[in-house]
Each structure stands twice: as structure tokens, then as C-alpha cells.
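Take a look at the structure below.
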Amino acid sequence: MVSEQHQREIDQYVASTPRAAELHKQAMKYLPGGSTRGVQYFPPYPFVAERGEGL
């Protein structure tokens with residue numbers, strides 16, 4: 001069971017990252033579990049970055 005605060009954080013993440021949810025849904029068709037980095041997967045779906053910079 002998740003605390004109320006934790007659930008609010010999850011809800012906020014889901015509300016603010018619809019593209020990540022859609023990409024994960026598409027990835028589920030082709031990749032086991034929808035991710036190639038199982039150790040870095042945290043529910044409800046993996047973090048997605050459009051680009052990165054630096055180390």
C-alpha cells in the first residue's frame with residue numbers, strides 16, 4: 001500500500017508525462033516489459049528524456 005503523499009506524487013507524474021506513458025505503451029509491443037533497462041524501471045512507466053547534455 002502506498003502512502004497518500006506517495007500516491008499524489010505518482011498521480012502528478014502521470015498527469016504531467018502523457019508522452020512517456022504513450023511511448024511505454026508502444027514499447028510494450030516490441031520489448032519485454034516495455035523497457036531495455038529493467039534495473040532503471042520504476043512504475044508506473046519509465047522516465048523519457050527528449051535530449052540530454054553534459055555528463
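The values are calculated or read from the model by the stated rules, or taken from the named source; none is laboratory data. Here the structure is a predicted model, which is why all the values come from computation and not from measurement. Every residue, glycine among them, receives a Cβ derived from its backbone with ideal geometry; neighbour counts consider all protein chains shown.
When segment 36-55 is limited to residues that are modelled with pLDDT of 80 or more and of a type in the set (G, A, S), the one that is farthest from the chain's Cα centre (by Cα) turns out to be G54. With respect to (1) on the phi < 0 side of the Ramachandran plot; (2) touching a residue at least 12 places away in the same chain (Cβ under 8 Å), the lone exception for G34 is condition (1). A single member of Q12, Q7 is at pLDDT 95 or above and part of a helix (DSSP H, G or I), and it is Q12.
Counting only residues that are closer than 15 Å to F47 by Cβ and of a type outside the set (S, T, Y), segment 1-14 holds 4 of them.
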